[in-house]
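> This is the structure I have questions about; it appears just below.
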Amino acid sequence: MSTGKLILVPTPIGNLEDITLRGLRMLKEADAILAEDTRVSGKLLKHYDISKPLWSYHAHNEHRQLDQLLKELQAGKILALITDAGTPAISDPGFLLVRACIKENILVDCLPGATAFVPALVKSGLPSDAFCFLGFLPEKKGRQTALIKLQTEEKTMVFYESPHRLLKTLQQFCEYFGEDRKCSVSRELTKMFEETVNGTLKEALIHFETHIIKGEFVIVVQGKP
């Protein structure tokens with residue numbers, strides 16, 4: 001087995017205090033840090049006075065970077081992978097590299113830490129003993145097929161959504177799941193203007209049709225009754 005190691009380090013989803021002591025230590029001990037957006041990650045590292053080589057690793061270059069990163073790891077390097085916010089590989093880059101490391105018998109470690117859907121789910125008041133995390137729905141191709149398939153899902157469903165698609169998504173949820181289906185919509189989690197709207201899908205849609213839509217959203221939807 002290679003002496004190198006890939007360490008996935010969750011980063012705060014808003015409040016910079018939401019990083020573990022172990023996470024900070026791993027970032028300080030790594031030979032280099034792979035970052036989704038070096039400008040965003042640079043602010044976090046500067047805040048904690050961490051000075052390490054910062055390598056760009058994101059959805060648009062992860063395939064091209066794969067072979068070189070494997071070589072670095074096989075040569076004994078310890079690389080920390082972070083994203084702009086939350087846990088790597090959860091609706092963010094990371095899966096391809098982890099899979100390749102496992103194939104090449106390179107050690108992979110993932111620290112526990114911030115992930116946006118967990119606090120949104122827990123404080124939704126909807127059943128959390130069994131749930132489906134679905135991330136971002138397809139933007140176009142396959143979107144309708146996915147919604148039709150989810151009409152019969154009995155577990156609580158958790159989605160991510162961007163501000164410019166929120167209203168469209170809530171409208172489609174009303175259409176496919178029913179306006180009276182219970183939901184919880186959270187935005188700007190851990191930040192100053194954090195907000196959670198609980199109610200039916202129709203009530204959530206009306207709320208955001210008349211309020212400023214800003215930030216990243218987590219939508220928690222009741223499963224089929």
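The values are calculated or read from the model by the stated rules, or taken from the named source; none is laboratory data. A quick note: this is a predicted structure, and the numbers were derived from the prediction, not measured. Cβ coordinates were reconstructed from backbone atoms using ideal geometry, including for glycine residues, and neighbour counts include every protein chain displayed.
> Considering only segment 128-163, how many residues are touching a Ser or Thr at 6+ places or on another chain (Cβ under 8 Å) and surrounded by fewer than 17 Cβ atoms within 10 Å (Cβ to Cβ)?
Selection size over segment 128-163: 5.
> Tell me whether segment 53-63 contains one or more residues that are part of a loop (DSSP other than H, G, I, E, B), in contact (Cβ under 8 Å) with a residue 12 or more places away in the chain and either buried (at least 16 other Cβ atoms within 10 Å of the Cβ) or in the same structural domain as Glu188 (by TED's automatic domain parsing) (or both).
For segment 53-63, residues part of a loop (DSSP other than H, G, I, E, B), in contact (Cβ under 8 Å) with a residue 12 or more places away in the chain and either buried (at least 16 other Cβ atoms within 10 Å of the Cβ) or in the same structural domain as Glu188 (by TED's automatic domain parsing) (or both): present.
> Please determine, by comparing only the residues of segment 91-108 that are in contact with a helix residue (DSSP H, G or I) (Cβ under 8 Å, 6 or more places away or on another chain) and in contact (Cβ under 8 Å) with a residue 40 or more places away in the chain, which one is nearest to Lys191 (Cα to Cα).
Going through the qualifying residues, I end up with Pro93.
> Out of curiosity, is Lys149 in contact with a Cys (Cβ under 7 Å, 6 or more places away or on another chain) and either assigned to a helix (DSSP H, G or I) or modelled with pLDDT of 95 or more (or both)?
So Lys149 fails the test.
> Answer with yes or no whether Lys71 is exposed (fewer than 13 other Cβ atoms within 10 Å of the Cβ) and either part of a loop (DSSP other than H, G, I, E, B) or within 14 Å of the chain's Cα centre (by Cα) (or both).
no
> Which of the residues that make up segment 168-215 are crowded, with 20+ Cβ neighbours inside 10 Å and in a loop (DSSP other than H, G, I, E, B)?
Selection gives Leu189 alone.
> Next up: Just to check your reading of the model, which residue among Ala120, Ala80 is assigned to a helix (DSSP H, G or I), buried (at least 18 other Cβ atoms within 10 Å of the Cβ) and of a type in the set (A, V, I, L, M, F, W, C)?
Of the residues listed, the single one that is assigned to a helix (DSSP H, G or I), buried (at least 18 other Cβ atoms within 10 Å of the Cβ) and of a type in the set (A, V, I, L, M, F, W, C) is Ala120.
> If I ask for residues that are at pLDDT 95 or above, part of a loop (DSSP other than H, G, I, E, B) and within 24 Å of Leu96 (Cβ to Cβ), which ones from segment 14-36 would you list?
Once the filter is applied, which keeps residues that are at pLDDT 95 or above, part of a loop (DSSP other than H, G, I, E, B) and within 24 Å of Leu96 (Cβ to Cβ), segment 14-36 yields Ala30, Asp31.
> Right, next: Quick one: which residue in Asp67, Asp84, Asp31 is free of Cβ contacts under 8 Å to residues at least 24 places away in the same chain and either touching a helix residue (DSSP H, G or I) at 6+ places or on another chain (Cβ under 9 Å) or over 30 Å from Val218 (Cα atoms) (or both)?
Step by step, each of Asp67, Asp84, Asp31 is checked, and only Asp67 is free of Cβ contacts under 8 Å to residues at least 24 places away in the same chain and either touching a helix residue (DSSP H, G or I) at 6+ places or on another chain (Cβ under 9 Å) or over 30 Å from Val218 (Cα atoms) (or both).
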